[in-house]
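K.L.:
Here you go, one structure.
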Number of protein chains: 2
Amino acid sequence: MDSPQGAFRRATAAHRVAGSGEAATYRAEVAPGWDILGNANGGYLLALAARILSEHLDRPDPVSLTGHYLSPGRPGEVSAEVGTIRSGRRLGTASTTLRDPDGTAVLAALGSFSDLSHPSATDSPSRVDATPPDLPPPERCIGNDPGVAADLAGFMDRVDLRIHPDDAGFREGMPSGEPRVRGWFRFPDDEPIDTIGLLCVLDAFPPTVFNAALPVAWVPTLEFTAHIRRRPASGWLACEFTTRIVSDGFLEEDGLVWDCEGHPVAQSRQLALTPRA
Amino acid sequence: MDSPQGAFRRATAAHRVAGSGEAATYRAEVAPGWDILGNANGGYLLALAARILSEHLDRPDPVSLTGHYLSPGRPGEVSAEVGTIRSGRRLGTASTTLRDPDGTAVLAALGSFSDLSHPSATDSPSRVDATPPDLPPPERCIGNDPGVAADLAGFMDRVDLRIHPDDAGFREGMPSGEPRVRGWFRFPDDEPIDTIGLLCVLDAFPPTVFNAALPVAWVPTLEFTAHIRRRPASGWLACEFTTRIVSDGFLEEDGLVWDCEGHPVAQSRQLALTPRA
């Protein structure tokens, strides 16, 4: 049984089993308890791929990382061959595919990694035409309630989400009408959130479309891209997810995460399918 | 010398030189004349990779495609090893890296392709919280003017851009103050724009940040992701590019393209570096 402390970090552990340098094979485990209805959460899976790529490139921080979701991630062992595509001064780029023991591709990932601990651009131009979402304090937002969402018990026990009350009505059949979800995120027991943890944050909230009053039952993610701008300060993260265009069987969902010092730390966009309910 | 008819199509031609099925090697040419200051346009390069992936997967339409830009694309031959990661009923997923003759990686790409000619989702739920940009007719927008932008002559001779007059002042040192660029796009001589052509559209306009009055001289793209929603109707495409967050040495630029029938056909987001001027 996991101790909660460091649970995310341990659930994304990976080790090299063969190779080195340009190409290597890694093994990791899709940990039990990070699933929703038996399928591992997409952000968690992307974080697992990120941990492998980060170790392979020996660079701690994903700057831009894309994953294509190919089949459900079931708890158990996965293997991943990693190839370095380029290793430059500031950035390293590599790709990998997480595979089940039977060779089925679960997630294909391509990313560029760096070390964001020493920003090379502290004097870089800045302009932010956005503000953190206007959220009530966490204790007045809607937390995970196993009574309401027993189906989600696995993953939802691993994260501490607090959804804006105005955006949580869909759980009782009262969607807000706006395809938007805002809320706070932290790991339980104040486990620190590194830049790989941000990948989990970016895909932890309920789909925006649940608030749109559309006949959409589920929204399987086809592709997810995350941009990490900086390491977050420790503390609650303020998150906002929005969707503008549901059309032709697809929707995009954009995420933006702010740390408690008011810095934008991560952006995401995913493309999901919208099968009719 | 190219005849203008079909110039884009020919400039993105690729042929298989070895292998088949799961893994193969392709050869293509970074065509002269698609560059800005000697470096091939990023959207054009991504389209070249898309053509290779599309041929390999035998699926015509990129649904989601990501490229990481690793070194400048110079005119001349490139080779690309392609590996199929998954081939499903609706989607096929593959990755490739375009390499110079000396093996230098130019562009790494990962994408999922489909056939959008028969939308499987004609009755899918729809909600569009966006409208096409409010553009004057093309003849009252600002076209490519070699006298103003002689440096850009290569690529800018290959596309017919018409920038909204309110967004074109940066060319005379009068940025609008808003990091936004709106305009029309078509290929010269009415060359049809397929879904791979849309990749070129999504990266053809001047950077939004040129209108932001920030001390940024150039914005090298690190990563670019395009989502294609549907095949565009023939005619002018209405395009809008915006940036919300310039911070910590990076910016994102979001693109949205509408066809002349008012359908959103493509979305993009890129992450670029913002070195101080």
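The values are calculated or read from the model by the stated rules, or taken from the named source; none is laboratory data. Just so we're clear, the structure is a prediction, and the values are computed from it rather than from any experiment. Ideal geometry is used to build each Cβ from the backbone, glycine not excepted, and the neighbour counts take in all protein chains shown. To get the accessible areas, we keep the full protein, side chains included, count just its heavy atoms, and leave off ligands, DNA and RNA. Shrake-Rupley method; radii C 1.70, N 1.55, O 1.52, S 1.80 Å.
K.L.:
Above 29 Å lies some portion of the pair distances; for chain A, what is it as a whole percent of all C-alpha pairs?
P.N.:
Details: 11355 of 38226 pairs.
Of the Cα pairs, 30 percent sit more than 29 Å apart.
K.L.:
Calculate one ³J(HN,Hα) per residue across region A:18-24 by plugging θ = phi - 60° into the Karplus curve 6.51 cos²θ - 1.76 cosθ + 1.60, and present them in order as whole Hz with x for glycine and proline.
P.N.:
3J(HN,Hα) across region A:18-24, in whole Hz: 6, x, 5, x, 5, 10, 7.
K.L.:
Quick one: Cα centre-to-centre distance for region A:203-231 and region A:86-113, in angstrom?
P.N.:
Cα centroid of region A:203-231 versus Cα centroid of region A:86-113: 22 Å apart.
K.L.:
Something else now. Cα centroid distance between region B:23-82 and region A:239-263, in Å?
P.N.:
Here the two parts' Cα centres lie 29 Å apart.
K.L.:
While we're on this one: Over the alpha-carbon set of region B:1-128, divide Rg by the Kirkwood Rh and report the Rg/Rh ratio to two decimals.
P.N.:
Answer for region B:1-128: 1.01.
K.L.:
Between B:Glu178 and B:Ser234, what is the FRET efficiency for a Förster distance of 30 Å, r being their Cβ-Cβ separation, to the nearest 0.05? If you can, show how the numbers build up before the last one.
P.N.:
On the way: r = 31 Å, r/R0 = 1.03.
Efficiency for this residue pair is about 0.45.
K.L.:
Let me ask something else. Given a Förster radius of 35 Å and the C-beta distance between A:Glu261 and A:Arg10 as r, what FRET efficiency does 1/(1 + (r/R0)^6) yield to the nearest 0.05? The partial results should precede the final answer.
P.N.:
Values: r = 27 Å, r/R0 = 0.78.
It comes out at approximately 0.80.
K.L.:
Hey, if you put +1 on the Cβ of every Lys and Arg and -1 on every Asp and Glu Cβ in the protein assembly as shown, which of B:Gln267, A:Ala108, B:Gly43 ends up farthest toward the positive end of that dipole?
P.N.:
Result: A:Ala108, furthest along the dipole toward the positive end.
K.L.:
Still on this structure: To the nearest 100 Å², how much accessible surface do chains B and A cover up together, summed over both, with a 1.4 Å probe? List each step's numbers first, then the result.
P.N.:
Values: alone 13510 and 13520 Å², together 21540 Å².
In total, this chain pair buries about 5500 Å².
K.L.:
Shifting gears a bit: For B:Arg230, what is the net charge nearby, where nearby means another residue's Cβ is under 11 Å from its Cβ and Lys, Arg count +1, Asp, Glu -1? Each step should come with its number before you reach the end.
P.N.:
Details: positive: B:Arg229, B:Arg231; negative: A:Asp248, B:Asp61, B:Asp259, B:Glu261.
The answer is -2.
K.L.:
What gaps in nm, shortest first, separate B:Arg89 from its twins in the other copies when you place the label 7 Å past Cα toward the beta carbon?
P.N.:
Output for B:Arg89: 5.2 nm, nearest copy listed first.
K.L.:
Now for a separate question. Order of B:9-18, B:62-71 by packing, highest average Cβ count within 10 Å first? Write out the running numbers ahead of the final one.
P.N.:
Details: B:9-18: 16.2, B:62-71: 25.9.
The densest-packed peptide leads the list: B:62-71, B:9-18.
K.L.:
Okay, next question. Taking H as built 1.01 Å from N, whose amide H comes closer than 5 Å to the amide H of A:Val216, not counting residues under 5 places away?
P.N.:
Excluding prolines and chain starts, which carry no amide H, the hits are A:Ala277.
K.L.:
For region B:92-97, take each phi angle, set θ = phi - 60°, evaluate the Karplus expression 6.51 cos²θ - 1.76 cosθ + 1.60, and give the result in whole Hz per residue in order, putting x for glycine and proline.
P.N.:
Using θ = phi - 60°, the values come out as x, 10, 8, 9, 7, 10 Hz.
K.L.:
Here's a follow-up. Spelling out what I want: for every residue of region B:74-85, take phi, set θ = phi - 60°, compute 6.51 cos²θ - 1.76 cosθ + 1.60 (Karplus), and round to whole Hz; glycine and proline get x.
P.N.:
9, x, x, 5, 10, 10, 8, 8, 10, x, 6, 9
K.L.:
Which value in nm describes the separation of the simple spin-label points at A:Ala23 and B:Arg276, placed 7 Å from the Cα toward the beta carbon?
P.N.:
In this crude label model, A:Ala23 to B:Arg276 measures out at 4.4 nm.
K.L.:
Give the Rg/Rh ratio for region B:53-135, taking Rg as the radius of gyration of the Cα atoms and Rh as the Kirkwood radius, to two decimals.
P.N.:
Working: Rg = 16.6 Å, Rh = 15.0 Å.
Reported Rg/Rh, Kirkwood definition of Rh: 1.11.
K.L.:
Can you check how the C-alpha radius of gyration of region B:178-277 compares to 2.2 N^0.38 Å, as a plain ratio?
P.N.:
Dividing the Cα radius of gyration by 2.2 N^0.38 Å gives 1.10.
K.L.:
Any idea what % of Cα-Cα pairs in the protein assembly as shown are farther than 46 Å? Walk me through the intermediate numbers first.
P.N.:
Values: 13011 of 153181 pairs.
Taking all Cα-Cα pairs of the protein assembly as shown, the fraction more than 46 Å apart is 8 percent.
K.L.:
Taking beta carbons within 10 Å but only from partner chains, what does the mean come to for residues B:88-98? Please report the intermediate quantities before stating the final value.
P.N.:
On the way: counts 2, 0, 3, 5, 0, 8, 2, 8, 0, 6, 0.
Partner Cβ neighbours, averaged per residue: 3.
K.L.:
Here is a follow-up. Calculate the mean, over all residues of peptide A:224-230, of how many other protein chain Cβ atoms lie within 10 angstrom of the residue's Cβ.
P.N.:
Details: counts 2, 8, 1, 10, 3, 8, 4.
Averaged over the peptide's residues, the number is 5.
K.L.:
Can you pull the mean other chain C-beta count within 10 Å for peptide B:239-251? Don't skip to the end; give the middle numbers.
P.N.:
Working: counts 0, 0, 0, 1, 2, 8, 10, 6, 11, 14, 14, 9, 6.
The shielding value for this peptide is 6.
K.L.:
May I ask for the angle, rounded to the nearest 10°, between helix A:42-57 and the longest principal axis of chain A, with both axes built from Cα atoms and the value confined to 0 to 90°?
P.N.:
Compared with the principal axis, the helix lies near 20 degrees.
K.L.:
In deg cm²/dmol and to the nearest 500, what is the mean residue ellipticity at 222 nm of chain B if only DSSP H runs of at least 4 residues count, each as -39500 (n - 2.57), divided by the residue total? Walk me through the numbers before you get to the answer.
P.N.:
Details: 4 runs with 30 residues, N = 277.
Mean residue ellipticity, 222 nm, calculated: -3000 deg cm²/dmol.
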